[in-house]
Amino acid sequence: MAGKMTAMLAGKELAWPMAVLYWAAGPLLIFSVTAAGVSQWRVRRRVGGAVSGRRGRHK
């Protein structure tokens, strides 16, 4: 997005690499946030069961 704003301020059209990065950034951001959430959930599930003495839903 910074590249897009810079190009708009300079009054130039985006080059194709910038356009590819612009369209790829959204899905990559969504995937990385989802992967981080799943990773934290797995850690909390693993550690939380051992600390509290509960095993969770599954044995």
Next on the checklist: Pairs please, first residue from segment 26-37 and at positive phi and assigned to a helix (DSSP H, G or I), second anywhere and at pLDDT below 95 and open to solvent by less than 80 Å² (accessible area, probe 1.4 Å), Cβ atoms under 8 Å, 6+ apart in sequence or on different chains.
Outcome noted: none
Next on the checklist: I need a count of the residues in segment 40-59 that are modelled with pLDDT of 85 or more and either surrounded by fewer than 10 Cβ atoms within 10 Å (Cβ to Cβ) or within 30 Å of Lys4 (Cβ to Cβ) (or both).
Outcome noted: 0
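The values are calculated or read from the model by the stated rules, or taken from the named source; none is laboratory data. Values in this document were obtained by computation on a predicted structure and should not be read as measured data. Heads up, the Cβs are rebuilt from the backbone with ideal geometry, glycines too, and the neighbour counts pull from every protein chain shown. Please note that ligands, DNA and RNA were not included when accessible areas were found on the heavy atoms of the full protein model with its side chains. Shrake-Rupley method; radii C 1.70, N 1.55, O 1.52, S 1.80 Å.
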